[in-house]
């Protein structure tokens, strides 16, 4: 039998009868067990299907040297210049140069180590 809280939540949200909610949950668990669904924890903290391993964590984004070089070169040509790259708000700099915030941080680190 499925977790009664989850059944109650399905009844409330999907406007299903308790038996239909339990059947839907059982079908979803079968789909997950067959590999058709990605196992994730929902916002309410309900776990994935029993026995389903958690997905591996995503690989962190690491900017490559070419991206950092391109950002520094763009900042040198930009009217706000290198000072904006170094001292501007991280999000604003990233949006201005259409790059990832991690690339901005890597460029800042490189500039500071080269000084």
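Do any helices (runs of 4 or more DSSP H) lying entirely in region 74-115 carry at least 3 residues that are loosely packed, with under 15 Cβ neighbours inside 10 Å and modelled with pLDDT under 95, and which ones are they?
101-114
Against the definition (at pLDDT 80 or above and assigned to a loop (DSSP other than H, G, I, E, B)), how does residue 47 come out, yes or no?
Considered against the rule, which asks whether it is at pLDDT 80 or above and assigned to a loop (DSSP other than H, G, I, E, B), residue 47 comes out as no.
Restricted to region 16-27, and to residues that are under 30 Å from the mean Cα position of the chain (by Cα), without any contact (Cβ under 8 Å) to a residue 24 or more places away in the chain and surrounded by fewer than 16 Cβ atoms within 10 Å (Cβ to Cβ), which residue is farthest from residue 4 (Cα to Cα)?
27
The values are calculated or read from the model by the stated rules, or taken from the named source; none is laboratory data. Not measured: the values here are computed from a predicted model. Neighbour counts are summed over all protein chains in view; Cβ atoms, including those assigned to glycine, are modelled from backbone coordinates with ideal geometry.
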